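Novice: Once you've had a glance at the structure underneath, I'll fire off some questions.
Each reported figure results from applying straightforward, stated rules to the coordinates on display, with no laboratory input. Please read these numbers as outputs of a predicted model, since none were measured by experiment. Note that each Cβ is placed from the backbone with ideal geometry, even for glycine, and that neighbours are counted across all protein chains shown.
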Amino acid sequence: PKVAVIIVAAGSGSRMGSAEMPKQYLNLAGKPVLTRTIEAFVQSDAVRKVLPVINDKHETMFADLGLNDAKLLPAIFGGADRQTSVFNGLNALKDEAPDIVLIHDAARPFVSDELIGKCIQTAATFGGALPALQVTDTLKKANKDGSVEQTLDRMAHYLAQTPQAFKYELILKAHQSAATADTSFTDDASIAEWAGLNVKIVDGEPNNFKITIPQDLDRAEMSLATPME
Ligand code: CTP
Ligand code: MG
């Protein structure tokens, strides 16, 4: 299939608390996070095009990354929330008309080539693919006061990652409807779910964590220092 990737990088990284240098531009063992994330997809043989969605305030920082590759499309601007940033990306791919689109957080630089391949294959077969980790701890539901109400079946609960992969036409339509709804969504699998699409879970990877808070940067540095096998 013809595969395009949207990398959403338009966030401000407020939970990281590095105001003047948002997390996706931070240096991680000699290379900016966003450079690592983009390279992971550009280097995948299964991927044809990579589209960065950036914040208009970060235009200079993005240019300074000096990225240059035949697969890399010119960056476009995102919006006030992640959903808008993805929607802008989907609309910008209309001429490209990919069969499959992967939507990935810039803040997850450790995505593997194997996971990219699995997501593409699964989306091609089922329409949608969500990499996710099955919950391993016992899972509790609590009320607002922090008192336990219920123990949930952990085997039935998953933590969602990206890249989330979809047939392009299906997720474009789902996003078009979602843009006019008054619900807001934090990932694309929830938009697909809301639109009634089939989203199949594929095994995520523990190392494919999202850099969100300062401790995640330490974990990221460690993960690069430790040879993986
Ligand atoms: N993102 C985006 N456009 C937005 C908000 C988020 O493209 N308006 C992107 C982020 O750049 C990130 C991904 O979506 O790569 C996941 O979002 P998150 O981890 O929440 O990043 P931020 O929104 O930047 O961080 P925070 O929520 O702490 O402010
Ligand atoms: Mg956010």
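Novice: Work out, step by step, the length gained on full extension between Glu59 and Thr136: first 0.36 nm times the residue separation, then minus their alpha carbon distance; give nm to one decimal. Display every interim value, and only then the final one.
Specialist: Numbers: separation 77, 0.36 × 77 = 27.72 nm, distance 4.03 nm.
Extra length from Glu59 to Thr136 when fully extended: 23.7 nm.
Novice: Where does the charge balance sit around Gln164 when Lys and Arg score +1, Asp and Glu -1, over other residues with C-beta under 10 Å from its C-beta?
Specialist: Working: positive: none; negative: Asp105, Asp187, Asp188.
Combined, the nearby Lys, Arg, Asp and Glu give -3.
Novice: Tell me which lysines have Cα within less than 28 Å of Lys57's Cα, excluding those fewer than 8 residues away on the same chain?
Specialist: Those lysines meeting the cut-off are Lys23, Lys31, Lys49, Lys71, Lys94, Lys210.
Novice: Could you please state, rounded to a whole Å, how far the C-alpha centre of segment 75-127 is from the C-alpha centre of segment 166-211?
Specialist: The two parts, judged by their Cα centres, are 10 Å apart.
Novice: A follow-up question, please. Is the chain best put as rounded, prolate or oblate by its Cα gyration tensor, with a ≥ b ≥ c the root eigenvalues, rounded for a/c under 1.5, and otherwise prolate when a/b is larger than b/c, oblate when not?
Specialist: Working: a/c = 1.38, a/b = 1.12, b/c = 1.24.
Because its axes are fairly even, with a/c under 1.5, the chain counts as rounded.
Novice: Net charge near Glu114: determine it from the other residues with C-beta under 13 Å of the C-beta of Glu114, scoring Lys and Arg +1 and Asp and Glu -1. The partial results should precede the final answer.
Specialist: Details: positive: Lys118; negative: Asp45, Asp113, Asp203, Glu205.
With Lys, Arg at +1 and Asp, Glu at -1, the neighbours total -3.
Novice: Separate question: What ranking of Ile213, Ile7, Ile76 emerges when the number of other C-beta atoms within 10 Å of each C-beta is taken as an exposure proxy, fewest first?
Specialist: Details: Ile213 14, Ile7 29, Ile76 18.
Least to most surrounded, the residues fall as Ile213, Ile76, Ile7.
Novice: So what is the relative contact order for the chain, in percent, with contacts set as C-alpha pairs under 8 Å and at least six apart?
Specialist: Values: 431 pairs, mean separation 54.2, N = 229.
Taking the mean separation of contacting Cα pairs over the length of the chain, I get 24 percent.
Novice: Let me ask something additional. For the chain, what does the helix formula give at 222 nm: sum of -39500 (n - 2.57) over DSSP H segments with n ≥ 4, over the residue count, nearest 500 deg cm²/dmol? Please report the intermediate quantities before stating the final value.
Specialist: Numbers: 7 runs with 73 residues, N = 229.
One gets -9500 deg cm²/dmol as the mean residue ellipticity at 222 nm.
Novice: Report the full-extension gain for the segment Asn143 to His157: residue separation times 0.36 nm, less the Cα-Cα distance, to one decimal in nm.
Specialist: Details: separation 14, 0.36 × 14 = 5.04 nm, distance 1.85 nm.
Net length gain for the segment: 3.2 nm.
Novice: On to the next question. Please sort 78-90, 58-70 by packing, taking for each peptide the average over its residues of neighbouring beta carbons within 10 angstrom, highest first. Don't skip to the answer; put the middle values down first.
Specialist: On the way: 78-90: 20.2, 58-70: 12.5.
Packing order, densest peptide first, comes out as 78-90, 58-70.
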